[in-house]
Amino acid sequence: MKNLPTALAELLESFFHHRLPNQRNASPLTIASYRDALRLMILFASERAGREPCHLSVKDLDRDVVLGFLDHLERRRHVCVRTRNARLTAIRSFFHHVAASDPASLGIARRVLDVPLKRCDSAIVRHLSRRELAVLIDSPDPRTPRGRRDRALLLFLSRTGARVSEALDVDASDLTLDRPRQVLLHGKGRKQRMVPLADDLAKALENLLRERGVGRHDPCPLFVGVHGERLTRFGATHVLRRALAAASERMPELGRKRVSPHVLRHSLAMMLLQSGVDLLTIQAWLGHAQVETTHRYAEADVEMMRRGLDRAGVSAKQGPRFRPKDAVLRLLERT
């Protein structure tokens, strides 16, 4: 970054070292995400301009380049619209900083800030049934340390509804294994929340810590890899894939489903909703900033809709179709 032209280098350095951590109090995950987005854009601009990244300036990151980069993400890198919008959010944040810090680049910044987010389809929430989830959780081999760790991680994700990043950030000191059993989660936007621990999960975690020789109040990672380091997101995804492959031998339909750690979070939300837990409680449990996000689970629960249809006594029989008598209404009816 020191080899970049002075203005761009200073803007990038102040953005990542001062604006995000000090002024915005952004989390390390947010900073890493923004860094990746800007790195990809600078590499794209470098190839487009035919110059090394160290020879680029703010002018080389204008609106046309940003739009070309966003198209490149969708067409060449095959990212979804949500990922495209997340990259644009990072770029916008940087150009807000450019507008405030470099008056000479204000025009460029304003044109970039006018680039709109792209509308995207609202996908149906994918989740597992109780039986599918039970088979998946029981698939790791309990006779090996890795199998016991894998089962504890799957239990944690499916019983707490934690995001995978939240689960991997948990330390032993964040757990309360005596009643009331609970765990402190460090969520998005530096928001913390307490989530209850189910009995089977608390027992699995207690056994996991005892096996590793870790005290309940030690500031040590809860889930670790083979070398004792904190488990990564890639490692957690690999744990799930391994469990899914084993579970598919007992339940072949699981092998045909796209299952990610986030699907386990969705599965808990659907179970809570079907058990009669209100949306505000589920919102607090999952750490959603807005209840509209939680409302997606109600929209996805077709079985609840069917029961509502039965309770309402709606018949399949249709009454006679309304036929307007007024000439104007008949005209509109035919249009």
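Structure data summary
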read-out: Test: Phe95 is touching a Phe, Trp or Tyr at 6+ places or on another chain (Cβ under 7 Å) and either assigned to a helix (DSSP H, G or I) or within 27 Å of Val164 (Cβ to Cβ) (or both); value: no
read-out: Which numbered condition Ala100 fails, given (1) of a type in the set (A, V, I, L, M); (2) in contact (Cβ under 8 Å) with a residue 12 or more places away in the chain; (3) assigned to a helix (DSSP H, G or I); value: (2)
read-out: Condition met for Ala152 (more than 30 Å from Ala9 (Cα to Cα), in the same structural domain as Leu205 (by TED's automatic domain parsing) and part of a loop (DSSP other than H, G, I, E, B)); value: no
read-out: Residue that is nearest to Ala152 (Cα to Cα), among those in region 239-259 that are surrounded by fewer than 14 Cβ atoms within 10 Å (Cβ to Cβ) and not basic (Lys, Arg); value: Ala245
read-out: Flag for Ala7 being over 23 Å from Lys191 (Cβ atoms), surrounded by 15 or more Cβ atoms within 10 Å (Cβ to Cβ) and either in contact (Cβ under 8 Å) with a residue 40 or more places away in the chain or over 26 Å from the mean Cα position of the chain (by Cα) (or both); value: yes
read-out: Residue check for Pro140: closer than 18 Å to Ala247 by Cβ and surrounded by 14 or more Cβ atoms within 10 Å (Cβ to Cβ); value: yes
read-out: Helices (runs of 4 or more DSSP H) completely within region 188-274 that count 2 or more residues being of a type in the set (Ser, Thr, Tyr) and either touching a residue at least 24 places away in the same chain (Cβ under 8 Å) or closer than 24 Å to Arg146 by Cβ (or both); value: 233-250
read-out: The listed residue being in contact (Cβ under 8 Å) with a residue 40 or more places away in the chain and in contact with a strand residue (DSSP E or B) (Cβ under 9 Å, 6 or more places away or on another chain), out of Ser27, Ser14, Ser57; value: Ser27
read-out: Residues that are within 14 Å of the chain's Cα centre (by Cα) and of a type in the set (Gly, Ala, Ser), drawn from region 237-264; value: Ser260
read-out: Any chance Pro196 is in contact with a helix residue (DSSP H, G or I) (Cβ under 9 Å, 6 or more places away or on another chain) and surrounded by fewer than 21 Cβ atoms within 10 Å (Cβ to Cβ); value: yes
read-out: Single residue of Arg148, Arg233, Arg179 found to be at pLDDT 95 or above and surrounded by fewer than 18 Cβ atoms within 10 Å (Cβ to Cβ); value: Arg148
read-out: From the options Arg110, Arg76, residue that is out of contact with any Cys (no Cβ under 6 Å at 6 or more places or on another chain), charged (D, E, K, R) and modelled with pLDDT of 95 or more; value: Arg110
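The values are calculated or read from the model by the stated rules, or taken from the named source; none is laboratory data. Since the structure is predicted, the reported quantities are computational estimates derived from the model, not experimental observations. Neighbour counts run over all protein chains shown; Cβ positions are idealised from the backbone, glycine included.
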